[in-house]
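Here's the structure we're looking at; comments come further down.
The values are calculated or read from the model by the stated rules, or taken from the named source; none is laboratory data. As the structure is a computational prediction, the values presented were derived from the model and not from experiment. Glycine also receives a Cβ, built like all others from the backbone with ideal geometry; neighbour counts cover every protein chain displayed. To get the accessible areas, we keep the full protein, side chains included, count just its heavy atoms, and leave off ligands, DNA and RNA. Shrake-Rupley method; radii C 1.70, N 1.55, O 1.52, S 1.80 Å.
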Amino acid sequence: MAAVQAVFGSWDNERAVIYRRMNDIPGSWGTAVNVQSMVFGNMGDTSGTGVAFTRDPSTGEPGIYGEYLLNAQGEDVVAGIRTPEPITRLEKDMPEVYKQFITIANNLEDHYKDMQDMEFTIEDKKLYFLQTRNGKRTAQAALKIAVDLVNEGRINHEQALMMVDPKQLDQLLHPMFDVDSLAAAKVYGEALPASPGAATGKVYFTADTAVEAKKRGEAVILVRLETSPEDIEGMDAAQGILTVRGGMTSHAAVVARGMGTCCISGCAEVKIAADEKSFTLGGKTTVEGDYISLDGSTGKIYLEQIKTVDPEIGGEFEEFMGWADEVRTMKVRTNADSPKDTINAIKFGAEGIGLCRTEHMFFEEARISKMRQMIVANTVEERVAALNELIPYQKGDFRGMYEALEGKPMTVRLLDPPLHEFLPHADADIKELAVEMGITYEELKATVENLHEFNPMLGHRGCRLAVTYPEIAAMQARAIMESAIEIRNEKGFDIVPEIMIPLVSEIKELVYVKKVVVDTCEAVLKAAGSDMKYMVGTMIEIPRAALMADVIATEAEFFSFGTNDLTQMTFGFSRDDAGAFLDDYYKKSILESDPFARLDQSGVGQLVEMACVKGRQTNPKIKLGICGEHGGDPSSIEFCHRIGLDYVSCSPFRVPIARLAAAQAAITNRK
Ligand code: PEP
Ligand code: MG
């Protein structure tokens, strides 16, 4: 009974809770115990025990793969007391038993139509199978096995698609740690797995030192309290990013995911020294230039160099993903803000851009000071002057993106900068900006203090900015239309710009900003003598907008669900700070998973579903999509399929995941 209870007890140990969260397994499932009579593999040289797979779990190569020990019990294999022999050795020791083993293994694979992981014991020449299950495998092996089983005529395309875990595809697109080096490494800390992949490099604490180190040819890990737009070049130079604060949808996480750079966020145990030259974690001090390693897929932090291996995309990938595209009914778009990200996402199969965050276009060093000048401008004239300098950058990027898209759709969102992400905070930055603007430090400091908000995420952002400063919306609409018309004329692509107004909660906000946009678009079209069509829509990311969706849909040609903000405002959890206490919620079984990573279907999802129904009531032709981070999460994608969204949009590196998850959703729900 103690053994039985130990198994049941294991369901709620910390590791099991973490494992379930990583693999989307509900705690309510519970576990089971099998009681079997014992057989003995340690009865002499006619006995033995082993573990074997029907195919190689690392590469997927067909053929029995495994280990066995003569005259031993399972524990001897597992505990590493003796070194096991390859399974083929059994053929020499007991040829009859080996033959029987191979026959049964093949039958099991045939029956389960999947690679099997089997445990067996031989007691005095009699073979016993203790257990069989579908074997765990690397992403490469998963694809090869699925494609091989189709080619062997054992399963069809849909069965193959259901065999591969979409999240596993990450392994194919990002570097991973070398298995042996990882096994020898010590974990010093763990936090949110904000952006996948493995990274190893020397620690730097500022964007500038990171950039310099990269120039010297070093691999860099950027460690920051949190990141802000001015860190963008440092983030770009880094192999990996570690932040003390932040959640799954705060700046570092969103930007790193877009870049495909490994990131761990919200590690409060990391204590950075005041001089930004060292940090301590788990009792060890790491100084600038020391090696550390991050696993952005598990959230584990190592204070040493660990060998990484580059991803390899085999020939099976394209074939397999092609099957997914045939089955899925939802489109997959990407969140991208630059021509480079757009090109990358299209390579991964994106069918358009679901969210271009225009404020992200101004993160770079040369652009951010113009953006800041625009934000701190005291008069319309000053603001227009700063905008005039920003618009050429923006138009250049739009042109590059329209060109890369070759007629695929793009939703461009008007500026939505939470001000705290853009305001200069350090005195040195304020001084520098004051000089550039030709005003005094005191003047600028006063403006910055005036703009300070206690709750910037609920502050003067989104369409509220365009209500106060309609000239911003007008300038952006002009840039979008002009670049679209130019590329259409130059390349002949069929472009229909989609202009999106963010953070709407009241129909009159939308009507007001939409008029500014439409008036500008019409003027641009007239001046260019163009007949180009365009669409104006909105984000649904405030609970009130979901409640009022029927009214809002009368003025919107599309809705895009911003589930990052919708989650933040529905739970009342700050997306930047919730990471700090969510762990207690998992430990106490109050929440099973991070609602910023996996959509809370019963609460936030209810608002999304209701908004779809209401929106279609008053506007049956309305296009519906999602662009929050949940658009790249398989379980959330399944929900999106069920409620009938037209598309999901996610960061470029998650596009293959979304394609497969959308295919699986279509198959599962058809059944
Ligand atoms: C959202 O809120 O879900 C969204 C996509 O917008 P952002 O993350 O830029 O606030
Ligand atoms: Mg938002």
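Given R₀ = 56 Å, what would the calculated FRET efficiency be for Ile590 paired with Lys526, taking r from the Cβ atoms and rounding to 0.05?
0.45
Taking the Cβ-Cβ separation of Glu152 and Met22 as r and a Förster radius of 35 Å, what is the calculated FRET efficiency to the nearest 0.05? The value I calculate is 0.65.
The relative contact order of the chain, computed from alpha carbon pairs under 8 Å that lie at least 6 residues apart in sequence, is 12 percent.
Using a probe of 1.4 Å, the accessible surface attributed to Glu498 totals some 10 Å² when neighbouring protein chains are kept in position. Checking the cross-link pairs Lys113/Lys331; Lys347/Lys408; Lys202/Lys271; Lys340/Lys491; Lys370/Lys431 against a 22 Å limit on the alpha carbon distance flags Lys113/Lys331 as lying beyond it. Using Cβ point charges alone (K and R +1, D and E -1), the dipole size of segment 1-71 about the Cα centre works out to roughly 220 debye. In this simple spin-label model, placing a label point 7 Å from the Cα along the Cα-to-Cβ direction at both Glu85 and Thr206 gives a separation of 6.4 nm. Of the chymotrypsin sites (Phe, Trp or Tyr not before Pro) found in segment 586-652, none is in coil by DSSP with at most 12 other Cβ atoms within 10 Å of its Cβ. Counting charges near Ile480 (Lys, Arg +1; Asp, Glu -1) among other residues having Cβ under 12 Å from its Cβ returns a value of 0. The Cα atoms of the chain cover 92, 58, 48 Å along the three principal axes, with the biggest extent listed first.
If you take the alpha carbon atoms of segment 58-164 and fit the smallest convex hull around them, that volume is 106 Å³ per residue. Tell me the net charge near Glu442. Cut-off is 14 Å between Cβ atoms, Glu442 excluded, with +1 for each Lys or Arg and -1 for each Asp or Glu. Residues near Glu442 contribute -1 overall. When the Cα positions of Val604, Ile622, Pro634 are compared along the charge dipole of segment 580-636, Ile622 comes out farthest toward the positive end, with charges on each C-beta of Lys, Arg, Asp and Glu. Note on Ala32 and Ala2: the model spin-label points, each 7 Å out from Cα along the C-beta direction, lie 2.7 nm apart. Dipole magnitude for segment 101-154: about 140 debye, using +1 per Lys or Arg Cβ and -1 per Asp or Glu Cβ, origin at the Cα centre. Note on the chain: dipole from Cβ charges, positive end direction compared against Ala238, Leu525, Pro196; the farthest Cα belongs to Leu525. Annotation: per residue accessible area for segment 295-428 equals 38 Å², rounded to a whole number [probe 1.4 Å, protein chains only].
In segment 361-503, how does Rg compare with the Kirkwood Rh, expressed as the Rg/Rh ratio over alpha carbon atoms? Could you put the intermediate results ahead of the total?
On the way: Rg = 16.4 Å, Rh = 16.2 Å.
My calculation of the ratio gives 1.01.
For segment 453-555, the relative contact order comes to 34 percent (Cα pairs under 8 Å, sequence separation of at least 6).
Beta bridges assigned by DSSP with both partners in the chain are antiparallel in approximately 55 percent of cases.
With a threshold of 27 Å on the Cα-Cα distance, the over-threshold entries among Lys508/Lys623; Lys395/Lys514; Lys508/Lys533; Lys587/Lys614 are Lys587/Lys614. Net charge dipole, the chain: roughly 1280 debye, given to the nearest 20, about the Cα centre with Cβ charges of +1 for Lys and Arg and -1 for Asp and Glu.
Placing unit charges on the Cβ atoms of the charged side chains and taking the dipole of segment 1-88 about its Cα centre, the candidate lying farthest along the positive direction among Phe8, Leu70, Gly50 is Phe8.
So, by mean Cβ neighbours within 10 angstrom, what's the order for 19-25, 323-329, 370-376 with the highest one leading?
370-376, 323-329, 19-25
Using DSSP to define loop residues, name the chymotrypsin sites (Phe, Trp or Tyr not before Pro) in segment 493-581 whose beta-carbon has at most 16 other beta-carbon atoms within 10 Å. Working shown, then result.
Working: sites: Phe493, Tyr512, Tyr534, Phe558, Phe559, Phe561, Phe571, Phe573, Phe581; in loops: Phe493, Tyr534, Phe573.
Hits after loop and neighbour filter: Phe493.
Distance between the C-alpha centers of segment 356-378 and segment 437-494? Whole Å please. That distance is 8 Å. Kirkwood radius, segment 423-573, all distinct C-alpha pairs, inverse of mean reciprocal distance: 17.7 Å. Per-atom-type breakdown for the chain gives carbon and sulfur 51% of the accessible area (1.4 Å probe, protein chains only).
The value given for segment 154-291 is a Kirkwood hydrodynamic radius of 15.9 Å, derived from the mean inverse Cα-Cα separation. Taking a cut-off of 18 Å, what percent of all Cα-Cα pairs in segment 380-426 are separated by more than that? When all Cα pairs of segment 380-426 are counted, 51 percent exceed 18 Å.
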